[in-house]
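Participant: Let me give you the structure first, and then I'll get to my questions.
The values are calculated or read from the model by the stated rules, or taken from the named source; none is laboratory data. Just so you know, these numbers come straight off a predicted model, no measurement behind them. Because the Cβ atoms are built from the backbone with ideal geometry, glycine has one as well, and the counts that use them run over all protein chains shown. Ligands, DNA and RNA are stripped out before the accessible areas are found, and what is left, the full protein with its side chains, is counted by its heavy atoms. Shrake-Rupley method; radii C 1.70, N 1.55, O 1.52, S 1.80 Å.
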Amino acid sequence: MKRFHIMTKGRFALLRSRKADIVDSQAVTPPAAVECPALVGALQSILQGGLPANDLIPALRGCIAEEQARILRIHRNGGTGQTVARSIATLTDAVVTSLFHATETACDPGIKRRGNGCALVALGGYGRREMNPASDVDLMFVYPRKADAYLNTILHPILSTLWDVGFVVGHCCRSIDDCIRMARADLTSCSSMIEARYLAGDPAIYQTFSAKFGRSVLSKRADTIVAQKLQELQERHYRYGASIYVQEPHLKEGTGGLRDLHAALCIARITRQVSTPSELAQRGLLGQNESERLESALDFMLRLRNELHYLYRGKHDVLSLSIQGQVAANLGFLDTARSYGVEQFMQRYYLAAKDISQLSAQVISRCTQGRSQVEKVMRKLKARDIGDDLTEIDRSIYASPKNRGLFQDDPVRLLKVFWYAQQMGYTLSQEIQDCIRVEIHLIDERVRRSSRALGFFLAILRESQGVAATLRNMHELGVLGAYIPEFAKLTRLVQFDFYHRYTVDEHTFLAIETLEHLDEVSRFYGEEFRSLASDAKRLELLRLALLLHDIGKGEGADHAPKSASLVEAILNRMGIPRSDADTVIFLVARHLEMSYIAQRLDLDDEAIVIDFAKKVETLDRLKMLYLLTFADIKAVGPGVWTEWKGTLLWELYIKTHTVLIRGIPEGEDDLARAERTKSQLTQELSPEFGVEAVKRYVQEAPTRYLLTTPLHKVASHMRVIARVQRGEEAASQWTAFPLAGYSEFTVCAYGRHGRFAQVVGTLTANGMNILSAQIFTMASGMVIRHFRVDNGSGAAINDPTVWDRVVADLHDVLTDKVAVHDLIKGRRKEGLVRPIQKGAEFPLKVEFDNLVSHAYTILDIRTRDRLGLLYLITSTLSQLGVDIRSAKITTEAEQVVDVFYVTNKDGSKLIDEGRRARIGTELERVLTEGFN
């Protein structure tokens, strides 16, 4: 500001003394002067009031802050998004134009007389007068030919003052010819200049720029610019996610965001000379109802963006999950008996995003279709009849001009038209889409019970490709919800947690899409999935089950049984044969069971596998449930499906497959099976270890160990234990399994209180991600601790130097040379557990189950994933006198699900309710406070 005041202090004095003589004959009324004369007057009073340099900027800031506070009050009192956006633009206009005129007035008359003048122009969102609280102020100084002393004199005081008073300014200075060259070379610059708006300066210069830009750029390069905008739109959707229904949408750049409308308006300006959204209806690009929907959606988006900017006190356009509840409350979406306010809010967001996406696409389609009579005639000549009063033009389906009432004649055509598009690889024209929306009411109960309608619907599901895209298109146009009204309740239904990344309906389509793209799965058991999918006899039943598997979520919590009940009614209405219906109902009712058993129960417990096999009954059902479970998990969100989950799921599949092939056993006493195993081990291992050594070993081993440990691992354990018997404090070994994505680490040592936590802490200190753990205690006091670990990114750890360091650290910890707590803090300082912040949305749950296992209490812990978590849990349990027999660790997005099989120190289950409550309370306290 000092630069501004030094350059202009004499000029301001001259301004005050000359008064009326300083008015330029070519001056024009600033835009803000009409809408907000009091503000303009206040700003001019400050600029012309003779304030010292040190007081000028604070005075301007104060005046601007008062107006910003007034605009904020409008927003908080429920003002529309467009009202606030225009008010911010008006404030910006007032400041910018007042500065320009004050600076120009203070300019030396000789410099001004010799100069060529300039025009000050608003670009981009500022040009549209669409300004949110933290929007940039994009300015362009346009001059006729060359930059001169006049331009340099006014440029720097204006910019430096704007920066000093708090605006974020993007600016450029260009001659008219430079503008044209830049617009031809750079799409972003061209787009911003399409939205140019005159602010101040010489209007003749602006008019010359505008006319030349129209002639040389918009007229001559219209087709090129439109093609570039469409390519840009496609690339942006790919970059930010092609779905509207993501959990944390980007309000500006995402699909259905403000950029979609900006692109449509840009194309409409070029092709139809549309200046504002309200003109779209006037030019026939939207109907009146469509125009009102777009206006409502735009207003909601702008109001939401205003709220985010106010909350973050700066530019922030991602609607993060952690802030959605507060935003919802601030915008007036309150909890009711039937739904949370945040769910209502997100449904309103998705509706607005869908309207912006669809209506913008309609505008673009109508702008880019042939407009001249010759083009229209040529298009009609290219039409090809495809049946059912439908025609194809340029690979798009249209209604035949001879019969615009084709859907009224046969409402089943509302489904059949999608079958045509899928079979032929055509798109539905905007014309036919509009017609479908109008006639959707024709899908009534008679159509829902029609065998013809069912035939076309199953035919769509039966195709190898394009199923998800077709169903998604049917959903967007309302056909799917009309045919299956229960599915309509899933529309934009939010799953408000950190696990699911999409709305229920979008998750469903992504799950179906996952099965269509199995050829793209190169890792994580992709070959197995492809093989099973190719063997599936009725793929349409699997897809129907996927389509309906979450349909009960529209009815509230505990959705699986509700889904099964709804599905039975739906299939009965459709007329699905009973045997097929039973298969679909089974898949829906059990769609959570396979992942639950694989990730949280002990797969070495044969009783669990046998019980699951009894429920499945047939190999065909097992295959379909396996594929459905994979698709369901994969569609939750990026990174949720991991190789470890694939390993667990495949293990359950193979074990269940084996039981079904061999026949479900009647049940043999575990002790009898253990005795048979002892005899087998003695016979197989005696040549290496000696008969007496093996007999002694198997007598000391617990029954569970004998029943669940393969022979080669028993031999390996005996070798490691022999090292301890020769004097080592603890002996260990590791094995990497790169194809499976994990490594195994076994530690053998005599039992001592807290040792399991020490091993866990040592692995944590070395950056290892623990996937599972098993503990076996021999009668001699020897304890075998077996871990599966990866590097945190789903890969095995096979570097010997890493394991050498683990072994060395473990020796130091077990011999009390270093405390494991200190080792973790020293090695992993940058990522240690921090306390859960108040208001964090990660739920912390500690639950006990004494029903699943007859020998152990199952402890289930859900909380936010972070480094050192497992050590905190195991060390706390050790201090509380709880023994861990096995553990499974599963990460779901940013949430971890840890399952422990535990007992009291005497081996008994945790029956005492008071003791379980005390353990739960202490775990919650420790996990909330974090790593200290």
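Participant: Keeping all protein chains in place, calculate the accessible area per residue for segment 288-343 (probe 1.4 angstrom), answer in Å².
Facilitator: Normalised by residue count, the accessible surface of segment 288-343 is 48 Å².
Participant: Mind jotting down the distance between the C-alpha centroids of segment 412-481 and segment 320-362, whole Å?
Facilitator: One Cα centre to the other: 28 Å.
Participant: To continue, here is another question. Roughly how many Å² is the accessible area per residue of segment 384-483, as a whole number, for a 1.4 Å probe?
Facilitator: Numbers: 4080 Å² over 100 residues.
For segment 384-483, the per-residue accessible area is 41 Å².
Participant: Tell me, what ³J(HN,Hα) does each residue in segment 845-857 have, in order and in whole Hz, if you take phi through Karplus 6.51 cos²θ - 1.76 cosθ + 1.60 with θ = phi - 60° and put x for Gly and Pro?
Facilitator: With coefficients 6.51, -1.76 and 1.60, one gets 10, 10, 10, 10, 9, 10, 9, 5, 10, 7, 9, 10, 8 Hz.
Participant: Bin by bin, in steps of 20 Å, what percent of the Cα pairs in the chain do you find, going until the bin that has the longest distance?
Facilitator: All Cα pairs considered, the percentages come to 12, 33, 30, 20, 6, 0.
Participant: Counting only other residues whose beta carbon sits under 15 Å from that of LYS489, what net charge do I get with K and R as +1, D and E as -1? Each step should come with its number before you reach the end.
Facilitator: Working: positive: ARG338, ARG492, LYS553, LYS562; negative: GLU343, GLU486, ASP505, GLU506, ASP550, GLU555.
That works out to -2.
Participant: Which whole-number percent of Cα pairs in segment 494-665 have a distance greater than 25 Å?
Facilitator: On the way: 4356 of 14706 pairs.
Every Cα pair in segment 494-665 considered, those over 25 Å come to 30 percent.
Participant: Just to check I understand the Karplus step: with θ = phi - 60° and J = 6.51 cos²θ - 1.76 cosθ + 1.60, what whole-Hz values come out for segment 81-95, glycine and proline as x?
Facilitator: x, 6, 4, 5, 4, 5, 5, 5, 5, 5, 4, 4, 4, 4, 5
Participant: Here's something else I'd like to know. Given the -39500 (n - 2.57) contribution per DSSP H run of 4+ residues, what per-residue ellipticity at 222 nm results for the chain, rounded to the nearest 500 deg cm²/dmol? Intermediate values should be presented prior to the final figure.
Facilitator: On the way: 44 runs with 539 residues, N = 932.
The helix-only estimate for the chain comes to -18000 deg cm²/dmol at 222 nm.
Participant: Select from segment 563-619 those GluC sites (Glu not before Pro) which occupy a DSSP coil region and have at most 14 other Cβ atoms within 10 Å, ordered by residue number. Each step should come with its number before you reach the end.
Facilitator: On the way: sites: GLU568, GLU593, GLU606, GLU617; in loops: GLU617.
Within segment 563-619, the qualifying GluC sites (Glu not before Pro) (loop, at most 14 other Cβ atoms within 10 Å) are GLU617.
Participant: How large is the convex hull of the C-alpha atoms of segment 113-202 per residue, in Å³? All intermediate terms of the calculation are to be shown ahead of the outcome.
Facilitator: Numbers: hull volume 8.0 nm³, N = 90.
In segment 113-202, the Cα hull volume divided by residue count equals 89 Å³.
Participant: Listed highest first by mean packing, meaning other Cβ atoms within 10 Å per residue, what order do 451-462, 623-634 come in? Don't skip to the end; give the middle numbers.
Facilitator: Values: 451-462: 17.3, 623-634: 23.5.
Listed from highest to lowest mean packing, they are 623-634, 451-462.
Participant: Where Rh denotes the Kirkwood radius from the mean inverse Cα pair distance, what is Rg over Rh for segment 238-283?
Facilitator: Working: Rg = 12.8 Å, Rh = 11.6 Å.
My calculation puts Rg/Rh at 1.10.
Participant: Another one. Over segment 384-483, what is the mean sequence separation of C-alpha contacts under 8 Å (at least six apart), divided by residue count, expressed as relative contact order in percent? Please report the intermediate quantities before stating the final value.
Facilitator: Details: 104 pairs, mean separation 26.8, N = 100.
Once normalised by length, the contact order is 27 percent.
Participant: While we're looking at this one, here's another question. Rg over Rh of segment 36-219, using C-alpha atoms and the Kirkwood radius, what does it come to? Walk me through the numbers before you get to the answer.
Facilitator: Working: Rg = 16.9 Å, Rh = 17.2 Å.
Rg divided by Rh gives 0.98.
Participant: While we're looking at this one, here's another question. Sort LYS402, LYS817, LYS416 by accessible area with a 1.4 Å probe, largest first. Let's see the in-between values first.
Facilitator: Working: LYS402 195, LYS817 145, LYS416 30 Å².
Order by accessible area, largest first: LYS402, LYS817, LYS416.
Participant: I would also like to ask the following. What Kirkwood radius, in Å to one decimal, follows from the Cα pairs of segment 668-708? If you can, show how the numbers build up before the last one.
Facilitator: On the way: mean 1/r = 0.0982 Å⁻¹.
By the Kirkwood definition, the hydrodynamic radius is 10.2 Å.
Participant: Trypsin sites (Lys or Arg not before Pro), restricted to segment 279-337: which are DSSP loop and have at most 11 other Cβ atoms within 10 Å? Don't jump to the answer; show the numbers that get you there.
Facilitator: Working: sites: ARG283, ARG293, ARG303, ARG305, ARG313, LYS315; in loops: ARG283, ARG313, LYS315.
Within segment 279-337, the qualifying trypsin sites (Lys or Arg not before Pro) (loop, at most 11 other Cβ atoms within 10 Å) are ARG313.
Participant: For segment 659-767, which whole percent of the accessible surface, found with a 1.4 angstrom probe, sits on carbon and sulfur atoms? Working shown, then result.
Facilitator: Working: 2770 of 5540 Å².
Carbon with sulfur: 50 percent of the solvent-accessible area.
Participant: Using a 1.4 Å probe over the heavy atoms of the protein chains, calculate the carbon and sulfur portion of the accessible area of segment 86-167 as a whole percent.
Facilitator: Details: 1150 of 2440 Å².
Taking all protein chains in place, segment 86-167 shows 47 percent carbon and sulfur surface.
Participant: Sequence gap at least 6, Cα distance under 8 Å: using those rules, report the relative contact order of segment 494-665 to the nearest whole percent. Don't skip to the answer; put the middle values down first.
Facilitator: Numbers: 185 pairs, mean separation 47.8, N = 172.
Across segment 494-665, relative contact order equals 28 percent.
Participant: Based on alpha-carbon centroids, what's the gap between segment 587-601 and segment 247-319 in Å, whole number please?
Facilitator: Centre-to-centre (Cα) distance: 43 Å.
Participant: If Lys and Arg each add +1 and Asp and Glu each add -1, what is the summed charge of the other residues whose beta carbon sits under 12 Å from the beta carbon of ARG437? Walk me through the numbers on the way to the answer.
Facilitator: Numbers: positive: ARG293; negative: GLU290, GLU431, ASP434, GLU439, GLU476.
Value of the local net charge: -4.
Participant: Roughly speaking, what % of Cα-Cα pairs in segment 224-369 are separated by over 24 Å, rounded to a whole number? Don't skip to the answer; put the middle values down first.
Facilitator: On the way: 3624 of 10585 pairs.
Looking at segment 224-369, the distances longer than 24 Å represent 34 percent of pairs.
Participant: What's the carbon and sulfur percent of segment 384-483's accessible surface, probe 1.4 angstrom, rounded to a whole number? Before the final figure, lay out each step's value.
Facilitator: Details: 2020 of 4080 Å².
Of all accessible area on segment 384-483, carbon and sulfur atoms account for 50 percent.
Participant: For ILE610 paired with ALA211, estimate the spin-label separation in nm (one decimal), with each label point 7 Å from Cα along the Cα-to-Cβ line.
Facilitator: Output for this residue pair reads 9.4 nm.
Participant: Over all distinct alpha-carbon pairs, what is the Kirkwood Rh of segment 774-814 in angstrom?
Facilitator: On the way: mean 1/r = 0.0810 Å⁻¹.
For segment 774-814, the Kirkwood estimate is 12.3 Å.
Participant: Roughly what percent of Cα-Cα pairs across segment 196-280 reach past 19 Å? Provide the component values of the computation, followed by the final result.
Facilitator: On the way: 1861 of 3570 pairs.
Distances greater than 19 Å cover 52 percent of the Cα pairs.
Participant: Taking amide H positions as placed in the peptide plane 1.01 Å from N, state which residues far from SER175 in sequence (5 or more) or on other chains have amide H under 5 Å from it.
Facilitator: Under 5 Å from the amide H of SER175 lie the amide H atoms of TYR143, each far enough along the sequence or on another chain.
Participant: Okay, moving on. For the chain, what is the relative contact order in percent, using Cα pairs closer than 8 Å and at least 6 residues apart in sequence?
Facilitator: On the way: 1357 pairs, mean separation 59.4, N = 932.
It comes to 6 percent, rounded to a whole number.
Participant: Taking a probe of 1.4 Å, how large is the accessible area per residue of segment 610-737, in Å²?
Facilitator: Details: 6180 Å² over 128 residues.
Computed with neighbouring chains in place, this is 48 Å² per residue.
Participant: In a shell of Cβ-Cβ distance under 10 Å around VAL504, excluding VAL504 itself, what net charge do Lys and Arg (+1) and Asp and Glu (-1) give?
Facilitator: Details: positive: LYS489, ARG492, LYS553; negative: ASP505, GLU506, ASP550.
The answer is 0.
Participant: If you bin every alpha carbon distance in segment 391-473 into 5 Å steps from zero, what whole percent lands in each bin?
Facilitator: 3, 15, 26, 25, 21, 9, 1, 0
Participant: In the structure shown, do any of LYS817/LYS909; LYS416/LYS645; LYS220/LYS315; LYS645/LYS817; LYS416/LYS489; LYS354/LYS537 have a Cα-Cα gap over 31 Å, and if so which? Mind showing how you got there, number by number?
Facilitator: Values: LYS817/LYS909 35 Å; LYS416/LYS645 39 Å; LYS220/LYS315 36 Å; LYS645/LYS817 37 Å; LYS416/LYS489 23 Å; LYS354/LYS537 37 Å.
Result: LYS817/LYS909; LYS416/LYS645; LYS220/LYS315; LYS645/LYS817; LYS354/LYS537 exceed 31 Å.
Participant: Next question. Please report how far the C-alpha centroid of segment 768-792 lies from that of segment 699-742, rounded to the nearest whole angstrom.
Facilitator: When both Cα centres are located, 10 Å separates them.
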